[in-house]
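In what follows, a single structure is set out as C-alpha cells and then discussed.
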Amino acid sequence: MISSLPTRRLLLRPFSPADADFVIALVNDPSWLRFIGDRQVHDRAGAEAYIARLNRMHAEHGHGALLIELRATGAPVGLAGLFRRPGLTVPDVGFALLPEYIGCGYAFEAADAVLRDARPRLNLSQVLGVTVPANTASIRVLEKLGLRYARTLRQPGSSEDLSLYRRTWGRKKPAGVVHGGR
C-alpha cells in the first residue's frame, strides 16, 4: 500500500478510521450523490466500513482511493485514486472534492499524482475515466489528464449511460534491453 503521495499543495494518503466524519460529508454531498451515486454511508459505522473497503482495494490490487488533504493545513478536501469497476479490465482514475474546493486545481493535481505514481509502479499501458455525461467539471479534468472520449458505457445491472474516457501509453522496455543496430 502507498504510504503517501505529496504534491506541491496536497498530500494524498490512505484513509484511516479517523477520517469517518469526512467520508460521511463527502459521500453525502449533493454533487457526489448526483454524479457518483448513493453509497448508503450515513453514520460512523458505515463510514468505517466504507474506509475498510477502500483500503482493501489497495491490498488486493495495489491501488485504490487516497484521501486528499491540504499540505498547508492538513484539512481533508477529497479523494483520488485508481479504481476497479465491474466489467472493466483496466483501472479507472477517479476523484471527488468537497464543493468549497472545486475549481482550485486540486482534482487535476491529485489525479495527476496518482497516475505519475501508478503508471511505472503498476506498468500501466492505459487508464480509463468514467463519468456521467453531465459532469462537465470531471470531463475537463479527465481531458487535462490526457484522457479522450472513447464511447458510451453501461455498467452491469445499470440503466444509466456513462461516458468512458481512455488514455494509452506505450509499455516501457525492461532495463538493459537494446533494440536495433548490430
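Key figures for this structure:
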quantity: Test: PHE83 is within 21 Å of SER138 (Cα to Cα), surrounded by fewer than 16 Cβ atoms within 10 Å (Cβ to Cβ) and under 16 Å from the mean Cα position of the chain (by Cα); calculated: no
quantity: VAL127 among the β-branched types (Val, Ile, Thr) and either surrounded by 12 or more Cβ atoms within 10 Å (Cβ to Cβ) or modelled with pLDDT of 95 or more (or both); calculated: yes
quantity: Within the range 7-21, considering residues that are of a type outside the set (Lys, Arg) and under 17 Å from CYS104 (Cβ atoms), the one nearest to the chain's Cα centre (by Cα); calculated: LEU12
quantity: Count - residues of the range 33-73 that are outside any helix (DSSP H, G or I), of a type in the set (Asp, Glu) and in contact with a Pro (Cβ under 9 Å, 6 or more places away or on another chain); calculated: 1
quantity: ALA118, sole failed condition from (1) of a type in the set (Gly, Ala, Ser); (2) closer than 18 Å to LEU11 by Cβ; (3) at pLDDT 95 or above; (4) surrounded by 15 or more Cβ atoms within 10 Å (Cβ to Cβ); calculated: (3)
quantity: Complete set of residues in the range 88-115 that are of a type in the set (Gly, Ala, Ser) and touching a strand residue (DSSP E or B) at 6+ places or on another chain (Cβ under 8 Å); calculated: GLY94, ALA96, ALA107, ALA110, ALA111, ALA113
quantity: Hits in the range 141-182 (condition: farther than 19 Å from PRO120 by Cα, of a type in the set (Val, Ile, Thr) and at pLDDT 90 or above); calculated: VAL141, THR152
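The values are calculated or read from the model by the stated rules, or taken from the named source; none is laboratory data. All of these numbers come straight from a predicted model, not from anything done at the bench. Don't worry about glycine lacking a Cβ; one is built from the backbone with ideal geometry, like all the others, and counts go over all protein chains shown.
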